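Can you read through this structure? Questions will come right after.
The values are calculated or read from the model by the stated rules, or taken from the named source; none is laboratory data. Note that this is a predicted model, so its numbers are computed, not measured. Cβ coordinates were reconstructed from backbone atoms using ideal geometry, including for glycine residues, and neighbour counts include every protein chain displayed. Accessible surface is based on the protein model in full, side chains and every heavy atom, while ligands, DNA and RNA are left aside. Shrake-Rupley method; radii C 1.70, N 1.55, O 1.52, S 1.80 Å.
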Amino acid sequence: MSIDATDRAIIEALQGGLPLVPQPYLEVAQSLNLEESELTDRLADMKESGAIRRIAAAPNHYKLGMTANGMTVWDVDDAVLNEVGPKIGALPFVTHSYERPRALPDWPYNLFAMVHGSSREEVEEKRQEISRHPWRCLTRLRHTLFHAHFEKNRPPAAQERRLTMFRLTEYMHQLANPTPVRKRRGSGPVKPVVIWNLTRRCNLKCRHCYTVSADVNFPGELSEAQAFETLEDLGQFRVPAIILSGGEPLDSPYLFPLAKRARKLTRVLALSTNGTKIHGETADQVAEIGFNYVGISIDGIGETNDWFRGVDGAFDDAVRGVRELKNETCGLVCVSA
């Protein structure tokens with residue numbers, strides 16, 4: 001998966017998207033002093049090698065008036081899942097659908113379908129339309145909105161108070177010392193902020209996990225050498241910020257040597273963790289790296305957090321991690337609540 005300086009220049013030129021002109025590839029090629037055929041051939045080679053994953057349109061559904069969305073979840077008989085999934089995904093109001101493993105007994109749903117609309121009522125109507133379609137397995141299909149399932153099954157402590165998701169520490173800091181709006185420096189392409197999921201392994205069992213993590217080693221993850229090679233590529237691309245995440249990044253065997261090197265290659269280095277493993281020597285190592293930001297996620301107080309996180313004592317362990325980092329005077333520790 002090697003790329004040369006010309007490939008890097010092409011990737012950098014395309015980070016802001018293709019120009020809205022009749023021949024976008026020709027315009028990009030001319031800006032790089034390339035023939036259009038060389039540009040498209042290089043893009044095809046990088047796509048085939050995996051250096052780039054895809055080139056696709058990314059419509060802004062908010063600008064199109066689709067300001068409401070709902071993730072519908074369905075319990076489909078495994079025997080007919082491959083038949084039903086593509087049919088639901090082909091509906092004009094479903095933007096994407098995919099299979100996810102069940103988490104029995106709490107979560108029986110194995111098919112997810114995202115529905116967009118201009119209002120909550122429209123999304124609900126479209127959800128009902130899915131259930132009215134003449135699928136041959138309709139009697140085997142159960143349905144619910146993602147948020148409705150959680151409202152019904154939250155523990156009493158969580159039902160008494162709705163938890164709004166926002167970065168509490170940063171919010172309070174900005175109220176006291178608002179950051180002035182600054183003009184963007186430079187005129188070149190906008191560089192991406194990289195969120196790097198180092199591993200899928202995690203010691204918690206979060207109900208809202210999007211990586212399907214577990215406390216096991218997953219095959220196919222990057223070796224330490226491959227991770228360092230990837231990091232050097234990011235450094236040469238001069239990305240402004242890298243956020244090390246997971247799974248649980250502290251479960252990565254090479255987190256600290258990788259972070260130590262990353263600290264020299266990017267302006268902002270952050271760690272996104274559940275915080276439960278930050279104690280003792282690990283807290284010392286986190287502080288020694290000098291992260292600009294350490295984000296620790298908490299989903300409520302005590303048993304509410306533990307219910308979301310799937311492990312008793314997760315709240316106390318995360319709070320201990322926050323306190324130990326504060327004792328280490330470790331930069332900005334942000335609690336995401």
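Does ASP4 fit the bill of being without any contact (Cβ under 8 Å) to a residue 24 or more places away in the chain and surrounded by 11 or more Cβ atoms within 10 Å (Cβ to Cβ)?
For ASP4, the condition - without any contact (Cβ under 8 Å) to a residue 24 or more places away in the chain and surrounded by 11 or more Cβ atoms within 10 Å (Cβ to Cβ) - is not met.
Could you list, in sequence order, the residues of segment 313-334 that are assigned to a strand (DSSP E or B) and modelled with pLDDT of 60 or more?
Answer for segment 313-334, where residues must be assigned to a strand (DSSP E or B) and modelled with pLDDT of 60 or more: just CYS334.
Scan segment 4-29 residue by residue and report those that are assigned to a helix (DSSP H, G or I) and at positive phi.
Result: no residue meets the conditions.
Shifting gears a bit: Residues of segment 14-37 being open to solvent by less than 70 Å² (accessible area, probe 1.4 Å) and among the charged types (D, E, K, R), which ones?
Correct list: GLU36 only.
Hey, THR199 hits all of (1) at pLDDT below 75; (2) in contact with a helix residue (DSSP H, G or I) (Cβ under 6 Å, 6 or more places away or on another chain) but one; which does it fall short on?
Only one criterion is unmet by THR199, namely (1).
State whether one or more residues within segment 19-36 are touching an Asp or Glu at 6+ places or on another chain (Cβ under 8 Å) and over 19 Å from PRO189 (Cα atoms).
There is at least one residue in segment 19-36 that is touching an Asp or Glu at 6+ places or on another chain (Cβ under 8 Å) and over 19 Å from PRO189 (Cα atoms).
Ok, one more. Restricting to segment 210-238, name every residue that is out of contact with any Leu (no Cβ under 8 Å at 6 or more places or on another chain), closer than 17 Å to ARG263 by Cα and of a type outside the set (Phe, Trp, Tyr).
Result: GLU229, ASP233, GLN236, ARG238.
Let me ask something else. Identify, from the list ALA148, ALA79, the residue that is modelled with pLDDT of 85 or more and not acidic (Asp, Glu).
ALA79
Looking at (1) at pLDDT below 70; (2) within 22 Å of HIS279 (Cα to Cα); (3) open to solvent by 50 Å² or more (accessible area, probe 1.4 Å), find the lone condition where THR169 falls short.
(3)
What are the residues in segment 257-302 that are of a type in the set (Val, Ile, Thr), surrounded by 18 or more Cβ atoms within 10 Å (Cβ to Cβ) and part of a loop (DSSP other than H, G, I, E, B), if any? It would help to see each step written out before you state the result.
Residues of segment 257-302 of a type in the set (Val, Ile, Thr): 266, 268, 273, 276, 278, 282, 286, 289, 294, 296, 298, 301.
Filter once more, so that each one left must be surrounded by 18 or more Cβ atoms within 10 Å (Cβ to Cβ): 266, 273, 276, 278, 286, 289, 294, 296, 298.
Across segment 257-302, the qualifying residues are THR266, THR276, ILE278, ILE298.
Return the pair list, or none, for Cβ contacts closer than 6 Å from residues in segment 51-75 that are farther than 14 Å from SER118 by Cβ to residues that are of a type in the set (A, V, I, L, M, F, W, C) and surrounded by fewer than 16 Cβ atoms within 10 Å (Cβ to Cβ), at least 6 apart or on different chains.
As it stands, the answer is ALA51/MET1; MET71/PHE146; VAL73/PHE146, since those pairs meet every condition given.
Restricting the first residue to segment 192-209 and requiring it to be under 21 Å from ALA262 (Cβ atoms), which pairs with a second residue that is among the aromatic types (Phe, Trp, Tyr) meet a Cβ separation below 6 Å and a spacing of at least six or different chains?
Pairs found: ARG200/PHE218.
Testing VAL80 on (1) in contact (Cβ under 8 Å) with a residue 60 or more places away in the chain; (2) more than 29 Å from ARG100 (Cβ to Cβ); (3) among the aliphatic types (A, V, I, L, M), one condition comes back false. Which one is that?
(2)
Which of the residues belonging to segment 90-126 are modelled with pLDDT of 85 or more, open to solvent by 30 Å² or more (accessible area, probe 1.4 Å) and assigned to a helix (DSSP H, G or I)?
Matches in segment 90-126: GLU121, GLU122, GLU124, GLU125, LYS126.
Follow-up. Show the residue pairs meeting these rules: Cβ distance below 7 Å; 6+ apart or different chains; first residue within segment 291-310 and on the phi > 0 side of the Ramachandran plot; second residue in a helix (DSSP H, G or I) and crowded, with 19+ Cβ neighbours inside 10 Å.
GLY300/ALA158; GLY300/PHE308; GLY302/PHE315
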